[in-house]
């Protein structure tokens, strides 16, 4: 019997390969292109997405920019005024029916619908990216844009400090220009974010992770522990596909973190907060203010009729000296709006017990703010149809 080593071909490596012709490569490319382009569109038909007049993006889906885009596209088909901004517009301490857009809709004599286009955790550098890349539906409409000067209250919140800082929505901020000193992502991550912004398929993948896998990719979701000691791993033997029920999660009916029955829903002075001292950043050097300026230009370039609401900031928290510096920043902002012919309204500071913190009103505070805005001559003139006396 011959030695197996002497048999022809047995010492050659076994290779199981398939070589595609050029035509086959084109076919594969075409199939992938169809999948990438059509899957997000088909998903909108399959996935149940329920909204009502007071809808806002749920807190747990704040980083689901694909859903935000879908929400705006849906509301753009009907008449209404978009209210754009950060958590002040979204309503950090209140329920969906206690937000500024909700009260504006209910108090409007013309029965105008005001659409909550705010997202929790935003700031101007992120809001600019959200509207630019995912807010294309905000076009040729009346738009209220909230200006929250809190984001210029220190170099840290302005993201100017050289030390690395963690902040919300890093995937929305500028990745290269302007350069953000405290944002230390590597080049590969930055380039990946730029690709995701321009490829709806990747944004849709991000939606799946946010809506069905607790903001994790499938591998991280499978290996996630339950936070106990010793830790358990409840998802290890779960079928990931079983998580996808084709229904966008909604906010809880009873949110212990928000609403008048919440322990957080109380005046700032009853939360143990004293007077605050802010290290205000001059607007000419502020990264956040630069982003807000660019945002107004983006909205104007899309044919929107823009009205900026400045504040109302909780001046009750400020010492007299710090209040003077805040007023300087405020005056610089309103001077810029006037110089660039941007319509704006500056509401009065609310009573102290209507604020939850430095910039967020409580439910009654939003009601008072909505009534003041709707009764102001600036807002009434702006809401009047063109050509009306």
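The values are calculated or read from the model by the stated rules, or taken from the named source; none is laboratory data. Worth saying up front: this structure is predicted, and the values here are computed from it rather than measured. Every residue, glycine among them, receives a Cβ derived from its backbone with ideal geometry; neighbour counts consider all protein chains shown.
Residues in region 95-137 that are assigned to a loop (DSSP other than H, G, I, E, B) and within 29 Å of residue 153 (Cα to Cα): 95, 99, 119, 120, 121, 122, 123, 135.
Rundown of residues vs (1) in contact with a strand residue (DSSP E or B) (Cβ under 9 Å, 6 or more places away or on another chain); (2) at pLDDT 95 or above; (3) surrounded by fewer than 18 Cβ atoms within 10 Å (Cβ to Cβ); (4) under 27 Å from residue 65 (Cα atoms), yes/no style:
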| residue | (1), (2), (3), (4) |
| --- | --- |
| 242 | no, no, yes, yes |
| 253 | no, no, yes, yes |
| 272 | no, no, yes, no |
| 275 | yes, no, yes, no |
| 286 | no, yes, no, yes |
| 308 | yes, yes, no, yes |
| 319 | yes, no, yes, no |
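Checking every residue in region 35-48 against the condition of being at pLDDT 95 or above and closer than 26 Å to residue 382 by Cβ gives zero matches. With respect to residue 361, determine if the residue is modelled with pLDDT of 95 or more and either out of contact with any helix residue (DSSP H, G or I) (no Cβ under 7 Å at 6 or more places or on another chain) or surrounded by fewer than 19 Cβ atoms within 10 Å (Cβ to Cβ) (or both). In short, no.
Checking the stated criteria, residue 89 turns out to be free of Cβ contacts under 8 Å to residues at least 60 places away in the same chain and closer than 24 Å to residue 358 by Cβ. Scanning region 210-237 for residues being surrounded by 11 or more Cβ atoms within 10 Å (Cβ to Cβ), part of a loop (DSSP other than H, G, I, E, B) and touching a helix residue (DSSP H, G or I) at 6+ places or on another chain (Cβ under 8 Å) gives a total of 7. For residue 153, the requirement of being more than 15 Å from the chain's Cα centre (by Cα), under 17 Å from residue 286 (Cα atoms) and surrounded by 22 or more Cβ atoms within 10 Å (Cβ to Cβ) is met.
I'm checking my understanding of the structure. Among residues of region 59-79 that are within 11 Å of the chain's Cα centre (by Cα) and closer than 14 Å to residue 116 by Cβ, which one is surrounded by the fewest Cβ atoms within 10 Å (Cβ to Cβ)? Taking the candidates together, the pick is 59. Residues in region 288-306 that are surrounded by fewer than 19 Cβ atoms within 10 Å (Cβ to Cβ), touching a helix residue (DSSP H, G or I) at 6+ places or on another chain (Cβ under 9 Å) and farther than 16 Å from residue 130 by Cα: 305 alone. Just one of (1) surrounded by 13 or more Cβ atoms within 10 Å (Cβ to Cβ); (2) within 18 Å of residue 41 (Cβ to Cβ); (3) over 21 Å from the mean Cα position of the chain (by Cα) fails for residue 246. It is (1). Quick check: anything in region 149-168 closer than 20 Å to residue 119 by Cβ and without any contact (Cβ under 8 Å) to a residue 12 or more places away in the chain? Yes, region 149-168 contains at least one residue that is closer than 20 Å to residue 119 by Cβ and without any contact (Cβ under 8 Å) to a residue 12 or more places away in the chain.
Yes/no per residue for (1) modelled with pLDDT of 95 or more; (2) within 30 Å of residue 39 (Cα to Cα); (3) crowded, with 18+ Cβ neighbours inside 10 Å; (4) over 22 Å from the mean Cα position of the chain (by Cα):
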site	(1), (2), (3), (4)
130	yes, yes, yes, no
171	yes, yes, yes, no
175	yes, yes, yes, no
184	yes, no, no, no
201	no, yes, no, no
239	no, yes, no, yes
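Checking 326, 337 one by one, the residue that is within 13 Å of residue 309 (Cβ to Cβ), in a helix (DSSP H, G or I) and in contact with a helix residue (DSSP H, G or I) (Cβ under 9 Å, 6 or more places away or on another chain) is 337 and no other.
Against the conditions (1) surrounded by fewer than 16 Cβ atoms within 10 Å (Cβ to Cβ); (2) touching a residue at least 60 places away in the same chain (Cβ under 8 Å); (3) touching a helix residue (DSSP H, G or I) at 6+ places or on another chain (Cβ under 8 Å), residue 44 satisfies every one except (2).
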